[in-house]
Protein chains: 2
Amino acid sequence: MMSSMDLTFLGTASAYPSPTRGVSCTALKHEDGSIWLFDCGEGSQIQLMRSLLKASKVNKIFITHLHGDHMFGLPGLMCTVSQNNQKTGQLELYGPHGLRRFIRCSLQLSRSELTYNYVVHELQVVEEQLPAEWNTWTVNHDAEGSLHPNEHPGQQISPDEKGVWNLIEDDRFVVKAVWLKHRIPSFGFCVEEKPTQGKLNDAMLRSMGVPPGPLYGKIKSGETIMSPTGEEVRPEDVLGPPRPGRKVIIMGDTADSSQLMSVGLNADVLVHEATLENELLAQALQNGHSTPEMAAVLGKSLNVGKLVLTHYSQRYKPLGAVTEKDDKSVSVLLEQAEAVLGKGKVICAEDFLTIPIPPRKA
Amino acid sequence: MMSSMDLTFLGTASAYPSPTRGVSCTALKHEDGSIWLFDCGEGSQIQLMRSLLKASKVNKIFITHLHGDHMFGLPGLMCTVSQNNQKTGQLELYGPHGLRRFIRCSLQLSRSELTYNYVVHELQVVEEQLPAEWNTWTVNHDAEGSLHPNEHPGQQISPDEKGVWNLIEDDRFVVKAVWLKHRIPSFGFCVEEKPTQGKLNDAMLRSMGVPPGPLYGKIKSGETIMSPTGEEVRPEDVLGPPRPGRKVIIMGDTADSSQLMSVGLNADVLVHEATLENELLAQALQNGHSTPEMAAVLGKSLNVGKLVLTHYSQRYKPLGAVTEKDDKSVSVLLEQAEAVLGKGKVICAEDFLTIPIPPRKA
């Protein structure tokens, strides 16, 4: 029995971790049990241990941007899943140009040899996502020297003519990225499941005299077959409608996420940062962040199924941790997003919250 | 009222952090409230928040070696103490050659500007502390490119003719390091307080007609004065014996800590790793680690006041977390060290344990 696809939030704080909230790390668990992580702030490996997820099942990690609260947990997690040979298959990492240098530097200086191999695919940044002051401080983003002993060469991925970074396309998923405006280059990731084949109409096939077995397989693989009675059986006649794939968007920090309009329409789930409340809009924008209203307006334009808010300033306490009547909680943020999208369309993420993403109906 | 000098253990696990134990980080709090950290594994900033210590009081950090469980928490801690302008004065860091490169790379790629300045002093490694396989994998340990905007140039410190790295000498402390044998270059740090002046014999001075005031200050600063009755008053006649300074040794990972014999005699406290029990000696040595017996034999040779064990394999549960009768706890390690040093001379560190280091008697 396959488990469902779901999202688990392992850290929902902005800037720095606290005993009540981890920093950015979101796990997308697929039906086959494999896990893709989005961001990996300091302490993510401990949050994973506290959750029901197995770190050894992580086979892809996507880093939205290189701020410490989104990547300082990466070298430690990579070392820990190497302990006791937990992990074997290759780990694929995707993130902005500079990610390979950070990982190589951290793993080489700590002389960490791994039990598995890894590859870093870098997203080349574009002019539009750079802040005005970018060139006042020159930083070398290129990985130098020889590869780490467990590192395999990765790609440098540039955007296509529509401004979309095409990261993955296999028989199950298409993963794209778009740029976001932030204080440093930031990305939003869009994971789209491919449609799955409809069900074979068993009753119809039996009535045509086609027995279950190898012929069923041929039809599923798209072949037209002849039934034992000499009748032509075309796949489109006996296969139900395909089940549309799910679409999940997980964003980095952003003060402008409008680029998502090109890839994110009708997403089942949009995970969007909401660092500060609407009243602090000017401060949010100055720091490259969003308010609940900004997130909800985008969610509405994209016609998303659910908007999930995360990446809160530590000033907004988790609902369960409000102790004095003056404490602000995330409920402030929830209400502001609901004012745009309506009740039932917004979820405030909390550490260890799991949100199922049910299959779409055919 | 000055608080006492004490040691707080913020992480006592080896290899990787878990929900029940952090990785290496030990805080030495001085009487003036300032804090020196020894090692800073991933999550140390969260452990600091959970403790009674203020991260903003940290003004020196010593890194014993570059394994991730001893330094991956450093960039995050450095960024977090910069939040809300918590910290102002300069942060001084000491650690093996390569530390500057790791910090510069992490802070530059994450584009972390700080509210304070920092300086990294590197300990040049020596041939004796390199493992046989060291040259099979070439890693660049030099920090490259321009300084981080908050970075001031640091020293490269080589050992003196006795094989001792002299790190600090000011009016209060002398800090030295010696090399330890491990899988990568590792150091042990010896913090020695300078003797403090004895008390003025108030009764004797009054009987000689010397009134409290400026004359007292002159005597304390070493001057011989004339009493109002024309008598010569020499400091050595009216000052009590100086109070000897305390000595604290905090070690990195090691399978051979014999170099400590040159600096560590009569330490008040020796913090020594004991990763595995005596029965696993071969495995401990192979991984560059110590057993309780090894730690205790060194402690005995040094005539230390207390031996504190730490850096346990996660297989040894904290005493409070033993749930099944088959669970091994740190009590196994405690007993093995006590077998050498005797009861009352050994402490097993646990996360958040604070050990006072009382002043020595004059």
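Evaluating 6.51 cos²θ - 1.76 cosθ + 1.60 at θ = phi - 60° for every residue in region A:203-213, the Karplus couplings come out as 4, 5, 5, 5, 5, 8, x, 8, x, x, x Hz, glycine and proline recorded as x. To the nearest ten degrees, helix B:99-109 and the longest principal axis of the Cα atoms of chain B are 70 degrees apart. To the nearest ten degrees, helix A:292-302 and the longest principal axis of the Cα atoms of chain A are 30 degrees apart. Taking the DSSP beta bridges with both ends in chain B, the antiparallel portion is around 50 percent.
What separates the B:Asn303 label point from its copies, with the point 7 Å along Cα to Cβ, is 8.5 nm, written shortest first. In this rough spin-label picture, where each label sits 7 Å from Cα along the Cβ direction, the A:Thr20-B:Ser227 distance is 6.5 nm. Phi-derived couplings, Karplus 6.51 cos²θ - 1.76 cosθ + 1.60 at θ = phi - 60°, listed residue by residue for region A:246-251: 8, 10, 10, 10, 10, 9 Hz, with x used for Gly and Pro. Which log10 I(q)/I(0) values does region B:199-337 give at q = 0.22 Å⁻¹ under the Debye formula, counting every alpha carbon as one identical point scatterer? Log-scaled intensity ratios, in q order: -1.19. The mean number of partner chain beta-carbon atoms within 10 angstrom of a residue's beta-carbon across peptide B:62-72 is 4. Cross-link partners for A:Lys361 among the aspartates and glutamates, with Cα-Cα distance under 18 Å and sequence neighbours closer than 8 places in the same chain left out: A:Asp6, A:Glu31, A:Glu192, A:Glu193, A:Asp268.
Annotation for region B:283-343: GluC sites (Glu not before Pro) lying in DSSP loop with at most 11 further Cβ atoms inside 10 Å of their Cβ are B:Glu324. The Kirkwood radius of the protein assembly as shown, taken over pairs of alpha-carbon atoms, gives through the Stokes-Einstein law at 4 °C and 1.567 mPa s a diffusion coefficient of 45 µm² s⁻¹. Counting, for every residue in B:138-149, the Cβ atoms of other protein chains within 10 Å of its Cβ and taking the mean gives 3.
Cα centroid separation, region A:120-154 to region A:284-347: 32 Å. Over chain A, Cα pairs under 8 Å with separation of 6+ residues give a relative contact order of 15 percent. Step through the table entries A:Lys29/B:Lys87; A:Lys345/B:Lys87; A:Lys57/A:Lys247; A:Lys162/A:Lys199; B:Lys87/B:Lys176, compare each Cα-Cα distance with 31 Å, and write down the pairs that go over it. Violating the 31 Å Cα-Cα cut-off are A:Lys29/B:Lys87; A:Lys345/B:Lys87; A:Lys162/A:Lys199. Only Lys, Arg, Asp and Glu carry charge here, each on its Cβ (+1 for the first two, -1 for the last two); on that basis the protein assembly as shown has a dipole of about 1260 debye about its Cα centre. For region A:2-103, a Kirkwood radius taken over Cα pairs fed into Stokes-Einstein (25 °C, viscosity 0.890 mPa s) yields D = 182 µm²/s. When chain A is described by a simple charge dipole with +1 on each Lys and Arg Cβ and -1 on each Asp and Glu Cβ, the residue from A:Val330, A:Gly33, A:Tyr118 located farthest towards its positive end is A:Gly33.
Starting from the label point of B:Ser34 at 7 Å along Cα→Cβ, the same points in the other copies fall at 5.3 nm, in ascending order.
For chain B, the equivalent ellipsoid derived from the Cα gyration tensor has semi-axes of 38, 27, 20 Å, listed largest first. May I ask what percent, to the nearest 5, of DSSP beta bridges between residues of the protein assembly as shown are antiparallel? Counting only bridges with both partners in the protein assembly as shown, antiparallel ones make up about 50 percent. Excluding same-chain neighbours fewer than eight residues apart, the lysines reachable from A:Lys328 by a Cα-Cα span under 18 Å are A:Lys317. Checking every one of the trypsin sites (Lys or Arg not before Pro) in region B:171-223 against DSSP loop status and a limit of 16 other Cβ atoms within 10 Å picks out B:Arg172, B:Lys199. So which cysteines in chain A don't have a second cysteine's C-beta under 4.7 Å from them? Isolated Cys, chain A: A:Cys25, A:Cys40, A:Cys79, A:Cys190, A:Cys348. Treating cross-link reach as a plain straight distance, find the aspartates and glutamates whose alpha-carbon is under 19 Å from the alpha-carbon of B:Lys325, omitting any fewer than eight places away in the same chain. Candidates past the 8-residue exclusion: B:Glu277, B:Glu335.
Read the figures in this text as sums done on the coordinates, not as results from a lab. Please read these numbers as outputs of a predicted model, since none were measured by experiment. With ideal geometry, Cβ positions are generated from the backbone for all residues, glycine too; neighbour counts draw on all protein chains shown.
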